[in-house]
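Readers should treat all values here as calculations from the given coordinates under stated rules, not as data from a laboratory. Quick caveat, the model's predicted, so the values are computed rather than measured. A quick note on method: Cβ atoms are made from the backbone with ideal geometry, for glycine too, and the neighbour counts reach across all protein chains shown.
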Amino acid sequence: MKTTIDIPDATFRRAKSLAGSRGVSLRQLVAEALESEIHRETAPCGPPPWVKLAGAFGQTRAARAETHRIQRLIEEEFEAK
């Protein structure tokens, strides 16, 4: 679907540059960004179900911090694809 949107000039230039550096069109970059935002808004809150099943949170603050760090890395990796 085609639509028209107004975005600030500086944002357009940054988006165009980012799209070029990724080797994708501005259209593809915008579509992916929108999909990512929609997914983020509709994703369930809290830790994923596998964390509870695996008992990965542990009993110590350090173990919980490590689990959160690993989860962030996993999420970033999947968002990068």
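In plain terms, the chain from THR4 to ARG40 could stretch by 10.6 nm, reckoned as 0.36 nm per residue minus the Cα-Cα distance. Summarised in one figure, the compactness ratio Rg/Rh of the stretch 1-43, Cα atoms and Kirkwood Rh, is 1.00. Taking other residues whose beta carbon is less than 10 angstrom from the beta carbon of ALA19, and scoring Lys, Arg as +1 and Asp, Glu as -1, yields +3. Once the chain from VAL24 to HIS68 is taken as fully extended at 0.36 nm per residue, the excess over their C-alpha distance is 12.7 nm.
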